[in-house]
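Novice: Handing you this structure, nothing more for now.
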Amino acid sequence: MKVIITENYEEMSSRAFGILRAVVTENPHAVLGLATGSTPLGLYELMARDHRAGGVSYRDVKTVNLDEYVGLGANDAQSYARFMRENLFRFLDVDLKNTHIPNGKAEQREGECARYDALLRSLPRDLQILGIGSNGHIAFNEPGTPFSSTTHVVDLAESTIRDNSRLFSCEEEVPRSAFTMGLKSIMEAKHIVILASGENKSRAVRALVEGDVNESLPASILRTHPDCTLIADRAAASLLKEEAS
Ligand code: PGA
């Protein structure tokens, strides 16, 4: 895993944008794996700004998202489908028909997981963007998730519910379960960029870079990927040995 440490969040976002831009420029039909959360917002702003200024076109790009809360639909204010439309897709020329996310409202959960896995098989990702949870999760793959996992429904960890409650009016409103792409599927992307910003990610980043590869830290599987880049700002990287010296 390549590690890039940046001065701040803005530089983290612009390094990530540089990689994404190169992927889409080389292949205008690229499939992008996208993430929600606070971390990629700076990257999404740069994509929007660049596109508005006549830069990269996403007309032929396809996107697949990592996860969605169970029970929330595309028009629910807190759904990830809505998050993606409001924070990214509406600023780009991407065809919404080419943007994919698990259907949080699906009545048959197993059927929805199978549908999403089939979709992922048909859309191999050229680039996967990831954030990291303070407990080392990626997407909603919480500690203990098998590395062999495909799309599944998870009960969210208490720490995840707490972390995400800032986006809801209170902690009780945070859904308790979610559909998530599994770790095996995430690993199938040709290139992976994992972003980390802020001190509350520093333990997870240390464990990712310096700890063992095992299922108690889901993100650690990325160390076995042939082309994965961690971009962490100074605060997120503050517990790394190299940083301390
Ligand atoms: P965040 O979430 O970007 O909102 O910090 C990251 C994650 O939980 O994967």
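Novice: Collect the residues in segment 188-217 that are assigned to a helix (DSSP H, G or I) and either β-branched (Val, Ile, Thr) or touching a helix residue (DSSP H, G or I) at 6+ places or on another chain (Cβ under 6 Å) (or both), keeping them in residue-number order.
Specialist: Those that are assigned to a helix (DSSP H, G or I) and either β-branched (Val, Ile, Thr) or touching a helix residue (DSSP H, G or I) at 6+ places or on another chain (Cβ under 6 Å) (or both): Val205, Leu208, Val209.
Novice: Here is a further query. Return only the number of the condition from (1) modelled with pLDDT of 95 or more; (2) of a type in the set (A, V, I, L, M, F, W, C); (3) farther than 15 Å from Val193 by Cα that Ala77 does not satisfy.
Specialist: Of the numbered conditions (1) modelled with pLDDT of 95 or more; (2) of a type in the set (A, V, I, L, M, F, W, C); (3) farther than 15 Å from Val193 by Cα, the odd one out for Ala77 is (1).
Novice: Taking interchain pairs and intrachain pairs at least six residues apart, which have beta carbon atoms under 7 angstrom, with the first residue in segment 198-223 and on the phi > 0 side of the Ramachandran plot and at pLDDT 95 or above and the second hydrophobic (A, V, I, L, M, F, W, C) and assigned to a loop (DSSP other than H, G, I, E, B)?
Specialist: So the pair list comes out as Gly198/Ala235; Gly198/Ala236.
Novice: If you don't mind, there's one more thing I want to ask. Suppose we keep only residues that are touching a Ser or Thr at 6+ places or on another chain (Cβ under 7 Å) and polar (S, T, N, Q) within segment 124-156. Which one would you say is farthest from Thr25 (Cα to Cα)?
Specialist: So the residue we want is Asn135.
Novice: Is it the case that segment 164-180 has a residue that's farther than 21 Å from Asn103 by Cα, touching a residue at least 12 places away in the same chain (Cβ under 8 Å) and assigned to a loop (DSSP other than H, G, I, E, B)?
Specialist: no
Novice: Hey, any hits in segment 162-169 for a residue that's at pLDDT 95 or above, more than 15 Å from the ligand (Cβ to nearest atom) and either more than 14 Å from the chain's Cα centre (by Cα) or at negative phi (or both)?
Specialist: no
Novice: Is there any pair linking a residue in segment 122-146 that is within 12 Å of Leu66 (Cα to Cα) to one that is near the ligand (Cβ under 9 Å from one of its atoms) and assigned to a loop (DSSP other than H, G, I, E, B), with Cβ under 6 Å and at least six apart or on different chains, and which?
Specialist: Here the result reads Ile129/Ala35; Ile129/Pro40; Leu130/Ala35; Gly131/Ala35; Gly131/Gly37; Gly131/Thr39; Ala139/Leu66, each pair linking segment 122-146 to a residue that is near the ligand (Cβ under 9 Å from one of its atoms) and assigned to a loop (DSSP other than H, G, I, E, B).
Novice: Here are some conditions: (1) touching a residue at least 60 places away in the same chain (Cβ under 8 Å); (2) assigned to a strand (DSSP E or B). Leu20 meets all but one. Which one does it not meet?
Specialist: Evaluating Leu20 over (1) touching a residue at least 60 places away in the same chain (Cβ under 8 Å); (2) assigned to a strand (DSSP E or B) leaves (2) as the failure.
Novice: Could you tell me which residue of segment 23-52 is surrounded by the fewest Cβ atoms within 10 Å (Cβ to Cβ), considering only residues that are assigned to a loop (DSSP other than H, G, I, E, B) and under 15 Å from the mean Cα position of the chain (by Cα)?
Specialist: Ser38
Novice: Within segment 134-171, can you find the residues that are exposed (fewer than 14 other Cβ atoms within 10 Å of the Cβ) and more than 25 Å from Tyr116 (Cα to Cα)?
Specialist: Glu158, Arg162, Arg166, Ser169, Cys170, Glu171
Novice: Looking at segment 1-13, which of its residues are part of a helix (DSSP H, G or I) and either touching a strand residue (DSSP E or B) at 6+ places or on another chain (Cβ under 7 Å) or surrounded by 15 or more Cβ atoms within 10 Å (Cβ to Cβ) (or both)?
Specialist: Within segment 1-13, Tyr9, Glu11, Met12, Ser13 qualify.
Novice: What's the total number of residues in segment 95-152 that are of a type in the set (A, V, I, L, M), under 23 Å from Ser220 (Cβ atoms) and either within 16 Å of the ligand (Cβ to nearest atom) or in a strand (DSSP E or B) (or both)?
Specialist: Residues meeting the conditions: 6.
The values are calculated or read from the model by the stated rules, or taken from the named source; none is laboratory data. All values derive from a computational prediction rather than experimental measurement. Don't worry about glycine lacking a Cβ; one is built from the backbone with ideal geometry, like all the others, and counts go over all protein chains shown.
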